[in-house]
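Where a number appears in this text, it was derived from the coordinates with a stated rule and is not lab data. Since the model is a prediction, treat every value here as computed from it, not as a measurement. Note that each Cβ is placed from the backbone with ideal geometry, even for glycine, and that neighbours are counted across all protein chains shown.
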Amino acid sequence: MAGKLLIVVDTSYWVELFKIPQHYSETNHFAIKKKFAWAIEQKATLYFPLPCVYELANHIAHVRDGNARRNLAEQLYQTVTNNPSILVTPACAVNELSKFIERFKNEYVMSGIGLADAAVIDAAKHLKNQNNQVYIWTLEATIKAREPDKEPTPSQHVLRK
């Protein structure tokens, strides 16, 4: 295995893990929870791109039940502040923002890939360029197709187009 095992985690996985009402399935939640446990056992580093943090927070903010919304917000807080295997990463360095937006404009948007998903793909490419083994965890087939290293045993949950 080249370098360290690094996993860039898309919003779709966090939504399932957090069990965001109206946006998750028990089947996916169970499968994804097992994958997170496996990653921790493997001492993998999980990258949580900042745009995905924002997307997850938006989902949380729209939960109707105020107590559930508060509990999910606390879970998000604990996840990003108290878990050494999870690193929140910017979409790109500030001095690279115009290049990132240009890639979005010229490449990603033409493929129907949003800005947060573009951040996932770019993070994975950047990490791969540092000689690491890099997976992308997502339910989005168009994002998974751009994964730098293919997982040896892909999960059993259903990918969305």
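Can you give the calculated 222 nm mean residue ellipticity of the chain, where each DSSP H run of n ≥ 4 adds -39,500 (n - 2.57) and the sum is split over every residue, rounded to the nearest 500 deg cm²/dmol?
Helix contribution divided over all residues of the chain: -14500 deg cm²/dmol.
Would you work out if the stretch 23-65 is rounded, prolate or oblate? Take a ≥ b ≥ c from the square roots of the eigenvalues of the alpha-carbon gyration tensor; rounded if a/c is under 1.5, else prolate when a/b is larger than b/c, oblate otherwise. Provide the component values of the computation, followed by the final result.
On the way: a/c = 3.61, a/b = 1.42, b/c = 2.55.
Note, shape of the stretch 23-65 comes out oblate.
Efficiency by 1/(1 + (r/R0)^6): what FRET value for N83 and K34, r their Cβ-Cβ distance, R0 = 22 Å, to the nearest 0.05?
0.80
If the cut-off is 23 Å between C-alpha atoms, which lysines fall inside it for K33, apart from same-chain ones fewer than 8 positions away?
Partners within reach: K4, K19, K43, K144, K150, K161.
Excluding residues on the same chain fewer than 8 positions from K128, give the aspartates and glutamates whose Cα lies under 13 Å from its Cα.
E147, D149
Given q = 0.14 Å⁻¹, what are the Debye log10 I(q)/I(0) values for the stretch 5-144, with equal point scatterers placed on the Cα positions and solvent ignored?
Summing over Cα pairs of the stretch 5-144 leads to -0.66.
I need the Kirkwood Rh of the stretch 87-134: take the reciprocal of the average 1/r across all distinct C-alpha pairs and report it in angstrom.
Computed over the stretch 87-134, the radius equals 11.2 Å.
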